[in-house]
Amino acid sequence: MGFPLCGRLLGSDCLAEITTLRPNVIILDCVGAVADASWTLLLFLRSESATLAIALILCTGSVRDVALLPPHLTVMGSSVVIEPFTLEPLCEAIQERLLAA
């Protein structure tokens, strides 16, 4: 049995759609520094009670920025997968987050 997959780009309706769909997992691809839109969305999702329980996977090549945030990220119920990566670490992160939920 599989799961429905819904891919989206960040946009103005993104937050409303996440609240409506209430996905089991969100995979955020953070390509820029901590100030980019994906990092902002991550922090927003962890500050809203309606989205707090959603498992988050943060995919990023910004090792320096991740090194600044680990305690904060794990407290927020997020896993980090460093890019580039194979499918295995992503699947492990998804399983880790779903089991923790």
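Table for the structure above
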{"item": "Enumerated helices (runs of 4 or more DSSP H) restricted to segment 50-101, each holding at least 2 residues that are modelled with pLDDT of 80 or more, of a type in the set (A, V, I, L, M) and out of contact with any helix residue (DSSP H, G or I) (no Cβ under 8 Å at 6 or more places or on another chain)", "result": "87-100"}
{"item": "Failed item, numbered, when Asp36 is tested on (1) acidic (Asp, Glu); (2) at pLDDT 85 or above; (3) in contact with a strand residue (DSSP E or B) (Cβ under 7 Å, 6 or more places away or on another chain)", "result": "(2)"}
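The values are calculated or read from the model by the stated rules, or taken from the named source; none is laboratory data. Everything numeric in this text was worked out from a predicted model, so none of it was measured. Because the Cβ atoms are built from the backbone with ideal geometry, glycine has one as well, and the counts that use them run over all protein chains shown.
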